[in-house]
Amino acid sequence: MLFTPGSTAYLYFFRKKEETLPIEDRWWGSGQKPDSEEDATIHPFKVETTDEELNDLFRRLDQARFTEPLEDSCFCYGINSVYLRKVVSYWRNQFNWKKQVEVLNKFPQFKTKIDGACVHFLHVKPPHLPEGHSAKPLLMVHGWPGSFYEFYKVIPLLTDPAGHGLSDEHIFEVICPSIPGYGFSEAPHKKGFDSVCAASIFYKLMLRLGFHEFYAQGGDWGWLIGTNLAQIAPNHVKGLHLNLVSVLNMRFTQLLSILLGRYFPGLFGFQKEDVKRMFPFLKKGLYKMLMESGYAHIQATKPDTVGCGLNDSPVGLAAYILEKFSTWTDPEYRKLEDGGLERKYTLDDLLTNVMIYWVSGCMISAMRFYKENIGKGIGTQKHAKLPVRVPTGVASFPNEVMHTPRSWAQKKYTNIITFNFMPQGGHFAAFEEPELMAADIQQFVGKVEREECWREMRK
């Protein structure tokens, strides 16, 4: 292509603007936005509990009603109530929520008001920095039905790698917010709070903390929020690391690769591992997605209806959440009577995540996030049509709900510099495989820093 002075000016002034997602500046608080300037104070926060809260929980657990499962059904019909009884018994008689509150409070937590919503976040600084080192800010974003607690095992590996036998070449300062409507972040009071709105709030949070250049990481909704953040502020996001990638707009070549990729993988840029994970596509793609997306249809249409029951019943809430931690960790766990839940997690860890939803009463507002995003139409919003130009790293875990090959991902993420097939793990990667996750983040950031990829992008 011949670049004339006129065409160069057009590309600079118009194409660059076209590829940047506008930041959302809306008011999510109750009522009308006040005329006065919003208080930007950052307040320390600690999780607390009371005997009254626990007594109410115990009363509800004691009054739980169970339905006997079908014979030999395991987890194929959802959570198995025989195993659920065991979980409830442990929850009622052995689980120590007060002790887990202490665990939650081991990392510094804060709250601050942004666009009318009180945002909760962890801010974990390195315990010590070697001479000549500076900590790299890293924003880590959770998804559903997880929480900020998903990152508790990986955070020490990132903020204190040397203390855990890892290289201290790259040391991170981790900021881990709760999505508004999740955990201890205030729920939006108005309709329309989607991933772009969440990304806008987290961008403002990072600026408020004094970070004008930072890395972002996410899976599940964290994938989309991180993607939107990179589209909003490409000159501030030095790199985007994802453990889930989804393509919202399928092109003809991608559709064709579904039909022919198994037989001509090289023609479509597929590797052997792609073929293994994707084909036969009816079984591993379409059928698998239909089997695992029922919850999303409910939450994208009438979240408040089912949410009322989950918010009122701790046993129902646990059943709804724990079934996802079974199947999304490994689909083969459906064939086990205990759902394989304790193969990768402890009951203390699983119930701590459930308790974050229970004590905050956030399940309905968390489910609404599906309606605000999917309810608008998949692939119809502006962010779905814009590329991501920031350096991107992908950790592709074998048991993720859906596999996206690099050749598909790079149509959206045009600057993928690392794409690694992980040896094991599923959807809740940081929770399940913190060592693998930390190592992949370290590798990605190392490559970005060595090659100064972000500088090239900003030219």
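Counting pairs of alpha carbon atoms under 8 Å apart in space and at least six apart in sequence, what relative contact order in percent does the range 136-289 give? Intermediate values should be presented prior to the final figure.
Working: 184 pairs, mean separation 32.9, N = 154.
Relative contact order for the range 136-289 comes out at 21 percent.
I'd like to compare 256-264, 118-126, 173-181: which one has the highest average count of other Cβ atoms within 10 Å, and what's the full order after that?
With the highest mean Cβ count within 10 Å placed first, the list reads 173-181, 118-126, 256-264.
Please list, ordered by chain and number, the residues whose modelled amide H lies under 5 Å from the amide H of Tyr413; skip anything fewer than 5 residues away on the same chain.
It is Val388, by chain and number.
Sticking with the crude label model, points 7 Å out along Cα→Cβ, report the distance from Leu54 to Asp35 in nm, one decimal please.
5.0
Only Lys, Arg, Asp and Glu count, each charged at its Cβ (+1, +1, -1, -1), so figure out the dipole size of the range 189-309 about its Cα centre, rounded to 20 debye.
For this selection, approximately 200 debye.
Taking all pairs of distinct Cα atoms, average 1/r, flip it, and tell me the Kirkwood hydrodynamic radius of the range 105-148 in Å to one decimal place.
In the range 105-148 this quantity evaluates to 13.0 Å.
What dipole magnitude, in Debye to the nearest 20, does the chain give about its Cα centre under +1 on Lys/Arg Cβ and -1 on Asp/Glu Cβ?
1640
Output the peptides 387-393, 34-40, 156-162 sorted from most to least packed, where packing is the average of other Cβ atoms within 10 Å over each peptide's residues.
In decreasing order of mean packing, 387-393, 34-40, 156-162 become 387-393, 156-162, 34-40.
Compute the length gained on full extension between Lys125 and Gln443: take 0.36 nm times their separation in residues and subtract their Cα-Cα distance, giving the result in nm to one decimal.
112.5 nm
With θ set to phi - 60°, apply the Karplus curve 6.51 cos²θ - 1.76 cosθ + 1.60 along the range 111-119 and write out the HN-Hα couplings as whole Hz, x wherever there is a Gly or Pro.
Per-residue couplings from phi come out as 9, 8, 8, 9, 6, x, 10, 7, 9 Hz.
For the range 250-348, divide the Cα radius of gyration by the Kirkwood radius and give the resulting Rg/Rh value with two decimals.
That ratio equals 1.10.
When the Kirkwood hydrodynamic radius is evaluated over all pairs of different C-alpha atoms of the range 357-459, what value in angstrom, to one decimal, is obtained? Intermediate values should be presented prior to the final figure.
Details: mean 1/r = 0.0618 Å⁻¹.
Roughly 16.2 Å, rounded to one decimal.
Report ³J(HN,Hα) in whole Hz for each residue of the range 186-203, in order, from the Karplus equation J = 6.51 cos²θ - 1.76 cosθ + 1.60 where θ = phi - 60°; Gly and Pro get x.
Those phi angles translate into 4, 6, x, 9, 10, 6, x, 7, 10, 5, 5, 5, 5, 4, 5, 5, 5, 5 Hz.
Report, by chain and number, residues whose modeled amide H sits under 5 Å from the one on Glu400, excluding near sequence neighbours (fewer than 5 apart, same chain).
Hits under the 5 Å cutoff: none.
Which entries of Lys288/Lys411; Lys272/Lys302; Lys204/Lys412; Lys238/Lys385; Lys86/Lys106; Lys324/Lys412 have Cα-Cα distances beyond 31 Å here? If you can, show how the numbers build up before the last one.
Working: Lys288/Lys411 24 Å; Lys272/Lys302 40 Å; Lys204/Lys412 25 Å; Lys238/Lys385 21 Å; Lys86/Lys106 29 Å; Lys324/Lys412 28 Å.
Long pairs (Cα-Cα over 31 Å): Lys272/Lys302.
Which whole-Hz ³J(HN,Hα) couplings does the range 282-299 yield from phi under the Karplus relation 6.51 cos²θ - 1.76 cosθ + 1.60, θ = phi - 60°, glycine and proline marked x?
Values, residue by residue: 4, 7, 8, x, 5, 5, 4, 5, 4, 5, 10, 10, x, 4, 5, 5, 5, 6 Hz.
How many angstrom separate the Cα center of the range 221-243 from the Cα center of the range 334-386?
So the two Cα centres are separated by 20 Å.
R0 = 56 Å: FRET efficiency of Arg92 with Asn420, Cβ-based, nearest 0.05? Numbers along the way, then the final one.
Working: r = 42 Å, r/R0 = 0.75.
Working from the Cβ atoms, E equals 0.85.
Read-outs throughout are calculated quantities, based only on the coordinates presented, and are distinct from any laboratory measurement. Here the structure is a predicted model, which means the values were calculated and not measured. Note that we place each Cβ from the backbone using ideal geometry, even for glycine, and neighbour counts take in every protein chain shown.
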